[in-house]
Amino acid sequence: MTDDETFGSLAGQLLVAMPQMRDPRFARTIIYMVAHTEDGAMGLVLNRILGSITFPDLLQQLNIGVTDAAHNIHVHFGGPVETGRGFVLHSTEYYQGATLRVDDRVSLTATVDILRDMATGAGPRHCMLALGYAGWGPGQLEDELQRNGWLHVGADENLIFGSDLDGKWEQAIAKIGIDFTMLSSEVGHA
């Protein structure tokens, strides 16, 4: 058993914001957890698109040629931390030296090389590009879970990479068999 398994790591799982989430950056979001240890946690919001920049815009800023493949990729709001930094959550058949394998289905790469490959259609089979990430310090996420701010649910390919952004939150809630209209903001109450 690894330290993460002993600790109860949520890496590779989804966090689903409870309906009463007051922080507008996270209201009705689902977050794919990339890392979760006793030292803190990191995840990427899966269901928010940035309206301020497109993938072709980003490629031009990085002096990378824009191809037709680039027009089909959206830039997501990954979270409020380091919003100028890009992260690509992707299927595991794509790998380079800087790739972090989260589990047997999902990896994370944060290099310009993956953006070049995506722009030419040579990138991963499934991918999600995000600027910024959601981060928690030691014990912070555990406290938010204890205060009923988040639910966690197993991740699946459709929730991670699917294009129905508006429906992902409801799909994640439904996956655990809960009627979200019955959820309470009070710990210990239904």
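No value in this document is a laboratory result; all are computed from the given coordinates. Model, not experiment: these values are computed from the prediction. Cβ: placed from backbone, ideal geometry, glycine included. Neighbour counts: every protein chain shown.
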Mind putting a number on the dipole of the chain about its Cα centre? Charges go on the C-beta only, +1 for Lys and Arg and -1 for Asp and Glu, and I need it in Debye to the nearest 20.
-> 500 debye
Give the whole-number value, in cubic angstrom per residue, of the convex hull volume spanned by the C-alpha atoms of segment 82-137.
-> 87 Å³
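Provide the gained length on full extension for the span THR37 to GLN20, in nm with one decimal, where the gain is 0.36 nm per separating residue minus the Cα-Cα distance.
Gain on stretching THR37 to GLN20: 3.5 nm.
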Run through all the Cα pairs of segment 3-182 and give the fraction in each 5 Å bin from 0, expressed as whole percent.
-> 1, 8, 17, 22, 21, 15, 9, 5, 2, 0
Phi to ³J(HN,Hα) by Karplus 6.51 cos²θ - 1.76 cosθ + 1.60 over segment 12-17, Hz, x for Gly, Pro = x, 10, 10, 9, 10, 5
Name the long-range amide H neighbours of HIS76: under 5 Å, sequence gap of 5 or more, or other chain; modelled H, no Pro or chain starts.
-> LEU50, LEU129, ALA130, LEU131
Once Lys and Arg get +1 and Asp and Glu get -1 on their Cβ, which of ALA122, ALA70, HIS152 lies farthest toward the positive end of the dipole of segment 3-182?
-> ALA70
Phi-derived 3J(HN,Hα) across segment 152-164 with the Karplus relation (6.51, -1.76, 1.60, θ = phi - 60°), rounded Hz, x for Gly and Pro, is 10, 9, x, 7, 9, 4, 5, 5, 7, 10, x, 8, 7
Taking H placed 1.01 Å from N in the peptide plane, check which residues at least 5 places from ALA35 or on another chain put their amide H under 5 Å from its amide H.
-> MET42
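Could you give the length gained on full extension between ASP57 and ARG85, defined as 0.36 nm per residue of separation minus the Cα-Cα distance, in nm? Display every interim value, and only then the final one.
On the way: separation 28, 0.36 × 28 = 10.08 nm, distance 1.47 nm.
The ASP57-ARG85 span can extend by a further 8.6 nm.
Tally the DSSP beta bridges in the chain and give the antiparallel ones as a percent, rounded to 5.
Expressed as a percentage, antiparallel bridges in the chain total about 90.
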Picking from GLY40, THR99, GLY167, whose Cα lies most toward the positive end of the charge dipole for the chain (charges on Cβ: Lys, Arg +1; Asp, Glu -1)?
-> GLY167
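Report the gain in length on full extension from THR67 to GLN146: 0.36 nm times residue separation, minus Cα-Cα distance, nm rounded to one decimal.
23.8 nm
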Can you give the relative contact order of segment 3-182 as a percent, counting alpha carbon pairs under 8 Å and 6+ residues apart?
-> 28 percent
